[in-house]
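First comes the structure, then the notes that go with it.
The values are calculated or read from the model by the stated rules, or taken from the named source; none is laboratory data. Owing to the predicted nature of the structure, the values given are computational and were not obtained by experimental measurement. We place every Cβ from the backbone using ideal geometry, glycine too, and count neighbours over all the protein chains shown.
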Amino acid sequence: MNSKSYTIKRTTMNKIIPILSLAIFLFSCSEQKLTLSDKKDSLKVLKEQLSETKTQISILEKEIATLDTTMINGAIVKTTAITASTFKHYIEQLGTVSSKQNVTVSPTLGGVVQKIIVDEGEWVNKGEDIIELDAEIILKQVEEMEASFKLAETTYKRQKKLWEQKIGSEMQFLQIKNQYESLQKKLESAKAQLGNMKISAPISGNVDVINLNVGEFAAPGIPILQIVNAKEVQIQADVPEKYANILHKGGYVSINFSTIGIEKEAKITFVSQIINPQNRTFKIKIDLDNKNGEIKPNAIASLQIQDKYIKDAIVIPTEVIKKDMRGDFIFIAEKNHAKKVYITLGKSYKDKTHITSGLNINDLLITTGYTKIGNESPIKIIQ
């Protein structure tokens, strides 16, 4: 053991012994009632000992710094000059894809399926015939009505001429006229029903599902097939209500379909004004062009919804931020020494944090070696 070390230890013990003596004295007096004078004397002794202890700590720190080669030569660090940059923060949410045009087709009149003109997966245009129902019964009704109508029309025209010549009674003429007009309406209705036996596509799209076969009965209101136009899709997501006053129509969204390796960018097209009381969320919608059909309805999309965009912000790596009893801090380089700087944090996203106060443009932020230094530590900056 060298003499300096022995001296330090001896000095330290000399300071500790009086403190222990005082502690024993105070303990022994705890059973007795101390006077005010006793307490003042004890406080004076403690303050003197505290002052001497602080002095001794300072001496030891200087001696350690002298012996520590790292402190002599300076800790090796790397720095980055603080510059203004753009900070973006995103809300991460899952959404579900749906087709903007998705309809099921059912007949307005019941009938047996006579012909299915399209196949599943086939593209059809709006108005194009896709299914024919058996129209034999209605066709016979139309033929019978046409024969009756022609007879009624001939009778009406003849009676009208007679009535214009003041021949015959008014009642007879009106009866024939009403019969003629009634048959005319029934014939038009029957022809309309005949037209309904051919079912046409209400939208353009792909035939996704056909539910019936030829020969089966198609009933009104029961879907025969489904047509989906996936060239324009919509993503819907339920967002927690805490973001209700942050998100807005036109907000930027980054979309990732990880299962098919596709990324897209879009904007919010709808923000609901109603909070769902069951799950405390509100709905947003995002329209997406899908002309090549690579995104399928019911697919899951990962959404990054931008909720904060700050120009000319100070942004630093989150990993360099440290914390003590006073708060968050970092180290900057200043005249070959490290300077501890307390900072105010904004939002963080992934590995970056926005700093709202404490740092300035052109400050040299220590990004490597910051775990081995303290305030005023000598440093050696390398590139």
- Message: Please determine whether any residue of the range 262-277 is hydroxyl-bearing (Ser, Thr, Tyr), more than 17 Å from Glu92 (Cβ to Cβ) and not assigned by TED's automatic domain parsing to the domain that holds Asn206.
- Response: yes
- Item | Considering residues of the range 318-366 that are surrounded by 12 or more Cβ atoms within 10 Å (Cβ to Cβ) and hydroxyl-bearing (Ser, Thr, Tyr) only, the residue farthest from Gly74 (Cα to Cα) | Tyr349
- Query: Do we have any residue at all in the range 285-293 that's closer than 19 Å to Thr80 by Cα and either more than 16 Å from the chain's Cα centre (by Cα) or assigned to a strand (DSSP E or B) (or both)?
  - Reply: no
- Message: Any residue at all in the range 302-309 that's assigned by TED's automatic domain parsing to the domain that holds Ile235, among the aliphatic types (A, V, I, L, M) and surrounded by 17 or more Cβ atoms within 10 Å (Cβ to Cβ)?
- Response: yes
- Task: Report yes if Lys340 is at positive phi, among the basic types (Lys, Arg), more than 32 Å from the chain's Cα centre (by Cα) and not assigned by TED's automatic domain parsing to the domain that holds Asp238, otherwise no.
- Result: no
- Residues being surrounded by 17 or more Cβ atoms within 10 Å (Cβ to Cβ) and either closer than 30 Å to Ile91 by Cα or not aliphatic (A, V, I, L, M) (or both): count how many of those fall in the range 211-230. 3
- Task: Check Ile274 against each of (1) out of contact with any strand residue (DSSP E or B) (no Cβ under 8 Å at 6 or more places or on another chain); (2) free of Cβ contacts under 8 Å to residues at least 40 places away in the same chain and name the one condition it does not meet.
- Result: (1)
- Item | Members of the range 85-129 that are more than 19 Å from the chain's Cα centre (by Cα), of a type in the set (A, V, I, L, M) and in a strand (DSSP E or B) | Val103, Val105, Val112, Val113, Ile116, Val124
- Message: Quick check on my filter: what residues within the range 216-264 are outside any strand (DSSP E or B) and either without any contact (Cβ under 8 Å) to a residue 12 or more places away in the chain or touching an Asp or Glu at 6+ places or on another chain (Cβ under 9 Å) (or both)?
- Response: Lys242, Tyr243, Asn245, Ile246, Leu247, Gly251, Ile260, Gly261
- Item | Failed criterion for Asn206 (all others in (1) modelled with pLDDT under 80; (2) assigned to a strand (DSSP E or B) hold) | (1)
- If Leu212 satisfies every condition in (1) touching a Ser or Thr at 6+ places or on another chain (Cβ under 8 Å); (2) more than 30 Å from Glu265 (Cα to Cα) but one, which is the exception? (1)
- Pick from the range 253-298, criterion touching a Lys or Arg at 6+ places or on another chain (Cβ under 6 Å) and over 27 Å from Asn206 (Cβ atoms), ranking: surrounded by the fewest Cβ atoms within 10 Å (Cβ to Cβ): Ser272
